[in-house]
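Read through the structure below, which is laid out as structure tokens, and then see the notes.
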Amino acid sequence: MEKAVSIVILSVVFLASQINCQEAILHMSNGSTEREYCIVYNQSWTPLAQTLDAAVQYPLVDLTYTLLCNTSGVTPDTVRGKAVVVMRGECNFSQKALIAQGLGATSLLIASNLSLVTPSANESEYAKVKIPLALMRFRDFVEAKKVFHGDMQVKLYAPPQSKLDPSIAVMLLISIVTVALGGYWSGACERDRLKAGAAGGGGAEKTDSGELFLYSPLKVVIFVALMCGMLVLMYYFYNVLVYIIIAIFCLASASALFSCLDAIMEKLGCGTVSFSIRNWNFSVRSIILAAVCITIAVLWGVYRNEDRWIWILQDLLGIAFCLNFMKTISLSNFKICVILLSLLLVYDVFFVFITPFFTKNGVSIMVQVALGPDASGEKTQGNMVEVPAEPQAPSEKLPVVMRVPRFSSWAQNLCGMQFSILGYGDIIVPGLLVAYCSRFDVWVNSRKKIYFVSCCIAYLLGMITTFAVMLLSGMGQPALLYLVPFTLITSAVVAGCRGEMRQFWAGTTYEVLDSSREPLLPEGRTDHCVDGDKC
């Protein structure tokens, strides 16, 4: 049962990629009254002026009675030299834009009852569209008609936002601290296990830690294949499975938070009072911690769609979840690490970049599942942002990401709070390798924890590279594309330089759990080279 739950959880931690803001402002006026509304555009396709003064003003024509997938019912004289607003649906954004442009319109607004996603098109059509194009909420347009009574002049502009938002530094700190703590915890557990085995006079006994061990390449392949199957099921049955995943996350994160807090209490030496009821032993500390963890998980579950503050609880539960996952799932050797991380890298790239060629709406399966059914309205590619169309009943999202508000956009509330996002998989997957390196340091008696420290530094450099490429390209990046090579190559180089590649590759086996497990090198082994080892 635990393995099945682990497969379900790990299969959904890759479903979110970094999302960049591409919001703008629609300024409406009639000479005496002014209003501003949120719009979403594609800065690399149809750029807008950066200031209100630099934007050109046009009269707005209401064509919401048509989808503008053809010219039926619309005459050029009606729209020539004006901005037009039409309804979203049926045909692509580019098709609507080309028709509006052919009729002589100067700008195109697409009113939507669905969440607003960054408009996009096939690359071959980008150069054909010469007019600005943006999405707006249909309810905003209805409100504007009541305010202006049909006499509307509009300007579209996009105030520049700093790409280097402080939220990126916060996200970087969360990721590296979580990976380092998870790796250290795994190594500490391994050290305690070996000490317990030595104290018992025999082999290390199987502990009741609930750990799951991956030691067979075939099992790793089956594990990844099951993850692929889970993702495909999420694609076809999202509306049902999303609630199952939310329920699993609440249970798993509450249990993980309990494990983390209990370990901290134990480390601090906090005592506990126990009592018995009908031969059942209860710990006061455990009862209090369980109540706190369950309360936090329930609060998140109830208020999960409240953007203003619920991200704090989601990140807290996410950190605990990642820590416990890295401590619970153990990879037995570097060969298993290479196989698992390489397969997950291929998995990530395939479902992000390759599947759009097979889906009928041109959206990758990964993006479709990450953003939910609202991503299927039109073809969308590359960098995406999403703005809810209605304030009530937001669509459910999978709880598989760390979220930190973009501090530079807090002053702009037209489009709601904007977040920097990092998937749990970008922490857990490299974190499993970091945890293995930490345990290997224990096996070889490395007092300076050379493998653990080197892998943590490699992870940090990989994250910095990911964010740098994202900022330079203006597009979200699959972080595993950088993290996996950085961490695997660094670990292999350290092992090769220390002359320990054979031991590092073979690791230890968990196939026979009741056999003795001694450190791979003698007890007196130090970090310095001995017996002709190469450094």
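Selection over the range 226-243 of residues that are free of Cβ contacts under 8 Å to residues at least 40 places away in the same chain, part of a helix (DSSP H, G or I) and either closer than 30 Å to A290 by Cα or out of contact with any helix residue (DSSP H, G or I) (no Cβ under 9 Å at 6 or more places or on another chain) (or both) gives a count of 3. Residues in the range 353-371 that are in contact (Cβ under 8 Å) with a residue 24 or more places away in the chain and surrounded by 22 or more Cβ atoms within 10 Å (Cβ to Cβ): 7 in all.
Residues of the range 192-211 that are exposed (fewer than 15 other Cβ atoms within 10 Å of the Cβ) and at pLDDT 75 or above: D192, K195, A196.
Matching residues to (1) in contact (Cβ under 8 Å) with a residue 40 or more places away in the chain; (2) farther than 13 Å from P399 by Cα:
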site: I287; (1), (2): no, yes
site: I294; (1), (2): yes, yes
site: A297; (1), (2): yes, no
site: G301; (1), (2): yes, no
site: N305; (1), (2): yes, no
site: L317; (1), (2): yes, no
site: F321; (1), (2): yes, no
site: N324; (1), (2): yes, yes
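Based on this model, can you work out whether Y482 counts as in a helix (DSSP H, G or I), modelled with pLDDT of 95 or more and surrounded by 15 or more Cβ atoms within 10 Å (Cβ to Cβ)? Don't jump to the end; show me each part of the working.
Details: in a helix (DSSP H, G or I): yes; modelled with pLDDT of 95 or more: no; surrounded by 15 or more Cβ atoms within 10 Å (Cβ to Cβ): yes.
Judged against the criteria, Y482 is not a match.
Quick check on the range 241-259. Is at least one of its residues at pLDDT below 90 and exposed (fewer than 15 other Cβ atoms within 10 Å of the Cβ)? No - not one qualifying residue is present in the range 241-259.
Looking only at the range 413-438, which residues are in a helix (DSSP H, G or I) and of a type in the set (F, W, Y)? Within the range 413-438, just Y436 meets the criteria.
The values are calculated or read from the model by the stated rules, or taken from the named source; none is laboratory data. Here the structure is a predicted model, which means the values were calculated and not measured. Ideal geometry is used to build each Cβ from the backbone, glycine not excepted, and the neighbour counts take in all protein chains shown.
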